[in-house]
Structures are given as structure tokens and as C-alpha cells.
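Here is the structure we will look at.
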Amino acid sequence: MLRFYLIGYVLGQFLLFLAVALTAPILYGLLTSSGPLRPLLISLFICASAGGLLTFLRPRPSRELRQREALLLVTATWASVSVSGGLPFYLSPEFPSFADAFFEAASGFSASGATVLNDVERLGKPILFWRCLTHWIGGMGIILLGVAVLPLVGHGGVSLYQAEFSGASSEKLKPRITQTALALWKVYLGLSLASYIALRLVGMGNFDALCHTFSVLGTGGFSSRSASVASFQNPAVEYAIIAFMFLGGINMILHYRFWLERSPLAVLEDVQLRAYVSILLIAGVVATVLLRFHNGHAWEPALRAGFFQVTAIMTTTGLVTDDFELWHPLGQMLLLGLMFVGGCTGS
């Protein structure tokens with residue numbers, strides 16, 4: 001029999017975490033005076049109230065989650081977080097219905113990147129910040145973050161970890177599952193910091209660098225510009241984003257072993273990584289040649305546009321620098337095929 005009180009307790013913790021996450025765009029708005037904060041403040045109050053009621057309404061349960069309960073909790077968490085995360089959108093005038101707001105939030109947390117907006121610049125910067133932050137939270141997985149930082153019931157973190165992740169991505173790096181989750185989040189934070197610094201160094205502004213770091217490392221696709229990365233007209237920005245999209249598509253466990261365990265041999269011997277690199281290189285070369293001889297690009301712009309779009313599509317990031325409606329049909333079919341390939345397991 002499912003113990004709904006136990007599921008509610010853990011779900012309340014996730015909602016409290018979401019309330020904490022909402023403070024980031026609020027603080028940004030306060031520091032920069034860059035947009036209305038009312039939708040975010042109301043959403044923060046609702047999430048904190050709901051999470052507090054579920055968490056503190058009764059004493060903390062002493063028993064751990066079972067596998068069936070963990071499976072239900074993962075589903076309930078994603079649904080609740082998408083509903084709650086959509087509140088700032090629903091309370092802002094750019095989203096006419098709750099369905100649109102829920103769609104945008106679900107797209108963000110799942111790193112899908114689909115949007116109902118035609119002009120994202122109409123959003124105030126704090127809301128736009130939150131929109132891109134949902135990608136970053138969802139990119140690694142809000143369940144994994146919960147396992148890392150929340151006081152979950154008993155050893156329920158193991159069941160949650162196994163319920164959301166499977167295959168190679170469920171491998172434990174540390175004796176305790178909490179330590180494994182923290183290790184993966186250290187890698188994710190390190191890559192995010194490196195991406196932000198790189199984008200700033202190549203000329204991107206502070207706000208745009210933050211938003212695109214969230215999107216690139218979360219392999220989502222939300223941008224702070226309606227025209228996506230194409231609006232910057234900066235080759236250095238495009239090359240930097242190619243590099244971090246590529247890194248974002250690699251299994252985080254391999255990143256951990258390379259950067260923290262200093263074990264490059266384990267990375268080079270990984271069959272999945274070799275296949276990932278091979279497919280990207282072959283597809284990138286094909287796209288470059290097609291753009292050079294079919295679309296009339298010079299070699300360097302063809303190389304840049306080809307590898308950018310191939311990497312963006314294969315890693316499911318979805319950022320754009322070129323209009324692929326003008327591509328040769330073979331190039332369009334190539335991109336379509338790469339959508340089904342995706343990045344590495346555990347990326």
C-alpha cells in the first residue's frame with residue numbers, strides 16, 4: 001500500500017527548494033532594477049506555503065521510500081514543479097493562459113526548449129532569468145539535486161536516484177548515493193562557471209552570458225534573444241557555445257572521472273563517448289560541405305554554422321545560428337536523424 005503521507009513529505013521538500021530557487025531571479029531584479037518582481041514574489045509565497053504545509057504538517061516519517069513510492073514521487077515531483085514553476089509566467093501578462101505558462105515551465109525543467117513565445121525580449125529580465133534557470137535546474141535533474149541537498153526520508157534517495165535514472169547514468173561514484181549526487185553537481189557547477197567565464201571573455205554581456213550558460217549546460221535551448229545566438233553575430237561566441245554544448249552532451253560521470261579522479265584513460269576507453277564524438281565529427285563535416293557548395297558559404301562560416309547546428313541538434317540544446325529551412329534536403333534529413341540520436345546517457 002502506498003504511503004501518501006510519506007510521498008507528500010518529500011514532495012514538500014522539493015517545493016521548498018523551488019521557493020529557494022525563485023529567490024535567484026528576485027535578487028537579480030532587486031540588484032539591477034530590471035523588471036517587475038510581483039509574479040516572482042507571489043510564486044515564492046505560494047511555493048513556500050505549500051511546501052511548508054506538506055513538510056511540517058506532521059512529524060518527519062522515519063521509514064524509507066519503497067521503489068513504487070519513489071516512482072510515483074518522481075512523477076508527482078515533475079508535475080508539481082512544472083505547475084509551480086509556471087506560476088511566474090502565468091502571473092505575467094505575456095502568458096494569456098495557464099496552459100501556456102505550464103507548457104513553458106515543463107519545457108524548461110525537461111530541457112525540451114519548445115516555447116509558446118514569439119518575442120522573448122518582451123519578458124522582464126527577472127522572468128527571463130527564471131525561464132532560463134529552469135533549464136539549468138532541469139538539465140542535471142531536479143530529483144538528483146534533491147538527493148544531493150535535501151534531507152530525504154531514510155535511504156529514500158537511492159530509490160529516487162534509481163527511479164529517475166537508468167543504465168550508465170545510475171552508476172554510483174561514491175559509497176553513499178548523496179555523495180554521488182553531490183559529486184555530479186560539483187562537475188555541473190564547475191562546467192557552468194567555466195561556460196559563464198568563457199562567454200564573458202568572448203564579448204557576451206553579463207545577463208546574456210548567465211542565460212546562455214543555463215541553457216547550454218542544461219542542453220535546453222531557451223535564449224535571452226528571440227533570434228537565439230544568431231542575434232549576437234559573434235563567431236567567438238558561437239565557437240564557445242559549440243564547445244560547451246559538446247561538453248554538456250557527455251556523460252557527467254565521465255566528466256567526474258576526467259576532472260576529479262584524474263582518470264583520462266577511463267574516458268578514452270568509453271565506447272559511448274567514442275561513438276558520440278565520431279557521429280558529431282562525421283555529421284559536422286557533411287553539414288559543412290553542404291553549406292559550402294549548396295548554400296555558397298565560405299569555408300569558415302560553413303564550418304562554424306555546420307558544427308554549431310549539428311552539435312545543437314544532437315545534444316538537444318536547440319540553439320540557432322543559421323536558417324536550416326534553406327539547407328539542402330540531405331542536410332535537413334541529417335539534422336532530423338541527429339534528433340533521434342541525442343547526447344550520451346547521463347549527460
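The values are calculated or read from the model by the stated rules, or taken from the named source; none is laboratory data. In this text the structure is predicted, and so the values were computed from the model without any measurement. Glycine gets a Cβ as well: all are built from the backbone with ideal geometry, and neighbour counts include every protein chain shown. Remember, those area values only see protein heavy atoms, side chains included, never the ligands or the DNA or RNA. Shrake-Rupley method; radii C 1.70, N 1.55, O 1.52, S 1.80 Å.
Given ARG225, ARG292, ARG257, ARG304, which one is open to solvent by 10 Å² or more (accessible area, probe 1.4 Å), over 26 Å from TYR188 (Cα atoms) and in contact with a helix residue (DSSP H, G or I) (Cβ under 8 Å, 6 or more places away or on another chain)?
On the way: ARG225 fails: over 26 Å from TYR188 (Cα atoms); ARG257 fails: over 26 Å from TYR188 (Cα atoms); ARG304 fails: over 26 Å from TYR188 (Cα atoms).
Being open to solvent by 10 Å² or more (accessible area, probe 1.4 Å), over 26 Å from TYR188 (Cα atoms) and in contact with a helix residue (DSSP H, G or I) (Cβ under 8 Å, 6 or more places away or on another chain) holds for just one of ARG225, ARG292, ARG257, ARG304, which is ARG292.
Tell me which residues, restricted to region 22-50, are farther than 18 Å from ALA209 by Cα, open to solvent by 60 Å² or more (accessible area, probe 1.4 Å) and of a type in the set (Val, Ile, Thr).
Within region 22-50, just ILE46 meets the criteria.
So is ALA106 more than 15 Å from PHE222 (Cα to Cα), assigned to a helix (DSSP H, G or I), at pLDDT below 95 and of a type in the set (A, V, I, L, M, F, W, C) or not?
Details: more than 15 Å from PHE222 (Cα to Cα): no; assigned to a helix (DSSP H, G or I): yes; at pLDDT below 95: yes; of a type in the set (A, V, I, L, M, F, W, C): yes.
Spelling it out, it is not the case that ALA106 is more than 15 Å from PHE222 (Cα to Cα), assigned to a helix (DSSP H, G or I), at pLDDT below 95 and of a type in the set (A, V, I, L, M, F, W, C).
Suppose we filter TYR9, TYR28, TYR5 for residues that are part of a helix (DSSP H, G or I) and free of Cβ contacts under 8 Å to residues at least 60 places away in the same chain; which single one remains? Outline the logic, then answer.
Values: TYR9 fails: free of Cβ contacts under 8 Å to residues at least 60 places away in the same chain; TYR28 fails: free of Cβ contacts under 8 Å to residues at least 60 places away in the same chain.
Result of the check over TYR9, TYR28, TYR5: TYR5.
Scan region 56-81 for residues that are open to solvent by 10 Å² or more (accessible area, probe 1.4 Å) and either in a helix (DSSP H, G or I) or within 25 Å of THR317 (Cβ to Cβ) (or both) and report the count.
Taking region 56-81 first, the residues open to solvent by 10 Å² or more (accessible area, probe 1.4 Å) are 56-64, 66-68, 71-72, 74-76, 78-80.
Among the residues that remain, those that are also either in a helix (DSSP H, G or I) or within 25 Å of THR317 (Cβ to Cβ) (or both) are: 56, 67-68, 71-72, 74-76, 78-80.
Residues in region 56-81 being open to solvent by 10 Å² or more (accessible area, probe 1.4 Å) and either in a helix (DSSP H, G or I) or within 25 Å of THR317 (Cβ to Cβ) (or both): 11 in total.
Residue check: is PHE103 over 15 Å from ALA19 (Cα atoms), of a type in the set (Phe, Trp, Tyr) and touching a Phe, Trp or Tyr at 6+ places or on another chain (Cβ under 6 Å)? I'd like the intermediate steps shown before the answer.
Values: over 15 Å from ALA19 (Cα atoms): yes; of a type in the set (Phe, Trp, Tyr): yes; touching a Phe, Trp or Tyr at 6+ places or on another chain (Cβ under 6 Å): no.
So PHE103 does not fit the description; no.
Within region 84-103, track down each residue that is outside any helix (DSSP H, G or I) and not acidic (Asp, Glu).
Going residue by residue through region 84-103, those that are outside any helix (DSSP H, G or I) are 86, 91-97.
Scanning region 84-103 gives GLY86, LEU91, SER92, PRO93, PHE95, PRO96, SER97.
Taking only pairs six or more apart or across chains, which ones have beta-carbon atoms under 9 Å, a first residue in region 320-338 that is within 21 Å of ALA114 (Cβ to Cβ), and a second residue that is surrounded by fewer than 14 Cβ atoms within 10 Å (Cβ to Cβ) and not polar (S, T, N, Q)?
Cβ pairs passing all conditions: VAL320/ALA227; GLN332/GLU325.
If you go through region 89-105, how many residues are open to solvent by less than 30 Å² (accessible area, probe 1.4 Å) and either on the phi > 0 side of the Ramachandran plot or aliphatic (A, V, I, L, M) (or both)?
At the first step, the residues of region 89-105 found to be open to solvent by less than 30 Å² (accessible area, probe 1.4 Å) are 89, 92, 95, 101, 104-105.
After this cut, where a residue has to be either on the phi > 0 side of the Ramachandran plot or aliphatic (A, V, I, L, M) (or both) as well, the list is 101, 105.
Residues that pass the stated criteria total 2.
Output yes when any residue across region 265-275 is at pLDDT 90 or above and within 27 Å of THR115 (Cβ to Cβ), and no when none is.
No, the conditions are met nowhere in region 265-275.
Looking only at region 318-335, decide whether some residue is part of a helix (DSSP H, G or I), among the small types (Gly, Ala, Ser) and crowded, with 19+ Cβ neighbours inside 10 Å. Don't jump to the end; show me each part of the working.
Step one: list which residues in region 318-335 are part of a helix (DSSP H, G or I), which gives 324-326, 329-335.
Right, trim to among the small types (Gly, Ala, Ser) and you get 331.
Applying the additional criterion that residues be crowded, with 19+ Cβ neighbours inside 10 Å yields 331.
Taking every residue of region 318-335 in turn, at least one turns out to be part of a helix (DSSP H, G or I), among the small types (Gly, Ala, Ser) and crowded, with 19+ Cβ neighbours inside 10 Å.
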